1. Among the residues of segment C:217-265, how many are within 15 Å of C:Thr27 (Cα to Cα), more than 8 Å from every other protein chain (Cβ to nearest Cβ) and more than 16 Å from the chain's Cα centre (by Cα)?
2. Check every one of the strands (runs of 3 or more DSSP E) wholly within segment A:1-76 and list those with 3 or more residues that are open to solvent by less than 20 Å² (accessible area, probe 1.4 Å).
3. Could you say whether any residue in segment C:186-196 is modelled with pLDDT of 85 or more, touching a Ser or Thr at 6+ places or on another chain (Cβ under 6 Å) and more than 17 Å from C:Gly14 (Cα to Cα)?
4. Take segment C:46-91 and flag every residue that is small (Gly, Ala, Ser), open to solvent by less than 10 Å² (accessible area, probe 1.4 Å) and either over 18 Å from the mean Cα position of the chain (by Cα) or away from every other protein chain (no Cβ under 14 Å) (or both).
5. Quick test for you: out of A:Leu89, A:Leu118, A:Leu111, pick the one residue that is more than 16 Å from ligand 2 (Cβ to nearest atom) and touching a residue at least 24 places away in the same chain (Cβ under 8 Å).
6. Can you name the residue in segment A:54-84 that is within 11 Å of chain C (Cβ to nearest Cβ), touching a strand residue (DSSP E or B) at 6+ places or on another chain (Cβ under 9 Å) and of a type in the set (Ser, Thr, Tyr) and, of all such residues, is nearest to ligand 1 (Cβ to nearest atom)?
7. Scan (1) within 12 Å of chain C (Cβ to nearest Cβ); (2) farther than 17 Å from C:Ala160 by Cα; (3) modelled with pLDDT under 95 for the single condition A:Pro153 breaks and write down its number.
8. Just to be sure, is B:Lys212 closer than 22 Å to C:Ala99 by Cα and touching a residue at least 40 places away in the same chain (Cβ under 8 Å)?
Amino acid sequence: MNILEMKNLTKCFGGLTAVGNVDFGVPKGIISGLIGPNGAGKTTIFNLITGVYKVTDGKILFKDNDITNKEPYLISGQGITRTFQNIRLFKKLTVYENVLIACHSNGNYNLLESVLRLPRCRKQEKQLKQKADDLLEIMGLKDRKDLIANNLPYGLQRRLEIARALALNPELLLLDEPAAGMNPDETAQLMTLISDIRPKFDLSVLIIDHHMDLVMGICEKIMVLNFGCKLAEGTPQDIQNNPKVIEAYLGVEG
Amino acid sequence: MSRFLQQLINGLSIGSVYALMAVGYSLVYSIMNFSNFAHGGVIMLGAYFGYYYLTKLGLPFFVAFIASALTTGILAVVIERGAYKPLRERKAPFLYFIISAMGASIFLENIVIATIGPTFKSYPEILSRTPIQLGSVTLGRIDLTMFIISAICLALLVFFIDFTKMGKAIQATSYSVKASALMGINTDLVIIVVFALGGFFAGIAGVLFGMKYTVYPQIGIITNKSFIAAVFGGLGSLPGAVVGSILLGIIETMTSGYLSSNYRDLIAFVLLIAILVFRPSGLMGKITEDKA
Amino acid sequence: MDLYYIQGILMLAGINLMSVLGLSLLTGFTGMFSFGHAGFMAIGGYTSAMMTVNYGWPFIPALLMGALTAALMSALIGKLTLNLKGDYFCIATLGFGEAIRLVLDNVQYFGGARGWPGIPNYTNFTNVLIINIIAIIILANIIRSRQGRNMIAVREEELASQIVGINVFKYKLISLMISAAYAGIAGGLMAHYMTFLQPKMFSLVKSTELTIIVIFGGLGSISGSVLGALVLTSLPEILRSFSNWRLVIYGLSVIVIMISRPEGLMGGYELTPSSMKKLFTRMRSKKGNLPKSMEGGDTL
Ligand SMILES: Nc1ncnc2c1ncn2[C@@H]1O[C@H](COP(=O)(O)OP(=O)(O)OP(=O)(O)O)[C@@H](O)[C@H]1O
Ligand SMILES: [Mg+2]
């Protein structure tokens with residue numbers, strides 16, 4: 001069963017068609033991959049799913065609900081979160097604050113209760129803080145929780161962004177080049193981490209990445225994009241043996 | 001009909017001086033993306049310099065005119081060096097520029113109050129106050145002078161921007177400071193020129209204003225109108241500033257003529273809000289697309 | 001200097017502080033700049049004076065009425081302009097503030113530009129103090145709640161805030177409304193302290209002064225705002241004998257602060273018992289040499 005469906009998805013910037021007539025389904029409960037050369041339109045697809053860009057044509061369905069062109073905060077409220085290719089943390093805040101902010105939707109006390117610091121507010125605040133602590137623990141960031149996010153090493157900033165995304169209890173997690181800028185060691189660690197958190201949080205995951213080995217290693221389904229159009233889709237084996245893909249993409253790499 | 005024509009002429013005359021002031025706001029905005037509220041203070045000082053050059057130094061009118069424009073040109077550059085350059089070097093957010101500009105404007109206004117005093121000063125009579133009669137419409141000599149001088153100045157500015165190397169550099173820098181710097185344009189020099197130009201025209205506008213009305217330290221408040229005109233036309237766009245100013249001048253004189261002069265200022269600010277709500281980029285401003 | 005004089009200055013500072021606290025939430029914690037808060041003060045001042053003078057309401061309900069009216073007005077303005085980019089929002093608030101003043105100039109019911117004398121003298125040292133303390137507690141409570149954190153998130157990064165499910169527009173609007181309500185109360189306090197209202201009192205200069213205080217105190221610091229309001233209100237009063245030169249110095253200092261210490265007096269630090277303790281232990285262990293980063297305190 002697919003948790004997310006893109007139907008005939010199209011995005012044009014002026015004369016440039018960054019994404020053209022893409023149909024793709026993201027299956028529930030597995031890790032899927034989105035690959036393609038630079039400028040193929042991968043990030044644009046993420047921006048369309050999360051409502052950052054308005055769709056030119058086509059539809060996006062999440063759990064059979066139409067979420068096309070909804071405001072980004074509504075889409076994340078429905079259960080889709082993401083990380084960014086060029087990391088977007090709350091840079092000047094601490095690691096802990098970054099995660100705690102994202103936990104906000106786990107509480108539902110209102111402004112009046114905050115102003116008067118009523119019991120429900122205190123109780124829920126405690127729960128939110130506990131949740132933030134737990135997430136930092138799981139993501140291995142606990143010992144750096146009071147560091148300013150911008151001062152974290154690059155690899156840990158990417159981890160923090162994932163931790164922040166998980167704070168929203170998403171059902172679908174979109175990761176945009178999570179291993180970019182990491183050394184092979186860090187990349188391997190990250191892969192294990194992603195495969196660990198998927199069942200733990202009952203997630204469906206869609207990963208964009210350039211590291212062929214990473215994608216082939218952990219994804220069960222892959223879509224290849226080229227010049228904004230779908231080139232192929234299938235299991236890692238299908239993709240590796242697909243002549244069009246070899247010509248357009250793998251051929252250049254290897 | 002003659003009343004309408006009369007107001008139209010008054011509006012054109014006042015609007016043309018607004019335009020001289022508004023291009024100063026727009027030039028700075030086009031390069032540095034902030035509203036330079038110290039500009040009003042510079043205009044006010046221009047009026048004072050003109051007054052002193054005429055009365056104390058006894059300079060002939062046109063000499064005094066050019067002299068005060070040069071003085072305010074230099075003054076504007078000094079303000080840039082002192083109040084904005086350090087912020088630029090630190091890449092401070094636009095708000096710090098605005099606050100710094102407001103500080104400069106408070107400083108300029110009050111240094112005049114502290115040294116010269118808050119009293120009104122009147123320019124000596126340079127032009128005869130008897131108007132020219134054209135049928136049923138009267139044409140003030142000062143109004144006519146204001147219009148002609150403003151028009152000449154704006155024409156010179158257009159020529160400078162479109163046909164000189166420095167003008168081209170200004171255009172390029174307004175498109176992208178970073179890219180221009182990479183192309184080898186001395187953007188620091190461009191900024192100096194932009195402030196000098198704005199200051200120069202501010203001086204001229206100040207003297208024209210002083211001639212028509214009187215000189216006093218809060219004259220800068222009137223110049224806020226020219227800022228509104230710049231927003232109206234589209235901040236950062238020179239043609240926009242001119243069109244916005246002329247329109248605002250006409251709207252103001254029509255309001256005074258047909259409604260009441262009490263509402264003249266109110267209309268201007270309501271217009272400001274309305275334009276921001278319905279068309280924030282102004283009549284002719286460049287519309288920017290958002291990027292993620 | 002007699003006690004009476006000092007009390008007078010402190011009351012003025014307290015009235016300013018009330019506005020500054022509101023603006024601090026908007027500017028320091030939500031990252032939006034307003035040059036129109038004098039307009040909200042005017043709305044609050046005229047409304048509450050109308051309630052006490054023309055309808056015989058007691059002081060506190062009249063103040064709250066002023067706050068409510070200012071907040072509703074801000075909601076209207078916010079709906080229209082909050083989507084504008086930073087500097088355009090600034091300009092819109094400037095236009096709003098001036099428009100309010102010019103409208104009041106023409107409302108003869110309130111005395112127009114000549115002003116409105118004979119407002120009862122209800123504001124006193126005690127009620128200013130109590131109201132400010134309550135205002136500070138409320139503000140601190142908001143900031144350490146999920147709503148306050150969402151506002152801080154909006155200040156830091158709008159897109160990231162959206163992605164973590166924060167309705168950016170809504171939190172900007174809430175912040176604007178609360179800050180307008182604070183300004184409205186300040187206006188009411190001012191009306192019943194001066195016993196006189198005139199549109200001129202709420203000019204652009206007043207709005208600028210408020211923003212300058214917030215920046216001077218340090219963005220994102222409540223204690224900074226308190227210090228800023230105390231220092232910047234009382235200094236000019238004490239320097240009154242220098243008359244005209246004090247504003248010259250004031251203008252110059254604003255520029256100097258902007259270019260030399262843009263983070264303000266407190267710059268993200270908060271003076272709380274726990275942060276003081278931290279500061280002292282760190283000073284003992286390291287002898288000064290404090291890190292510049294935002295740390296300690298209860299900003300969150
Ligand atoms: N906001 C925008 N305005 C105009 N063009 C854009 C915009 N965003 C993306 N594009 C264009 O759309 C195309 C696809 O860009 P996209 O960022 O989706 O590529 P990508 O597959 O993520 O590439 P990379 O591997 O480099 O991240 C590119 O040609 C890009 O220049
Ligand atoms: Mg990309």
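1. 1
2. On the way: elements: A:2-13, A:16-27, A:31-35, A:57-62.
It comes to A:2-13, A:16-27, A:31-35.
3. No, every residue in segment C:186-196 fails to be modelled with pLDDT of 85 or more, touching a Ser or Thr at 6+ places or on another chain (Cβ under 6 Å) and more than 17 Å from C:Gly14 (Cα to Cα).
4. C:Ser48, C:Ala49, C:Ala62, C:Gly66, C:Ala70
5. Exactly one residue qualifies, and that residue is A:Leu89.
6. A:Thr83
7. The one condition A:Pro153 does not meet is (1).
8. Working: closer than 22 Å to C:Ala99 by Cα: no; touching a residue at least 40 places away in the same chain (Cβ under 8 Å): yes.
For B:Lys212, the condition - closer than 22 Å to C:Ala99 by Cα and touching a residue at least 40 places away in the same chain (Cβ under 8 Å) - is not met.
The values are calculated or read from the model by the stated rules, or taken from the named source; none is laboratory data. Because the structure is predicted, anything quoted here is derived from the model rather than measured. No Cβ is skipped: glycine too gets one built from the backbone with ideal geometry, and neighbour counts run over all protein chains shown. Only protein heavy atoms, including side chains, enter the accessible area calculation; ligands, DNA and RNA are left aside. Shrake-Rupley method; radii C 1.70, N 1.55, O 1.52, S 1.80 Å.
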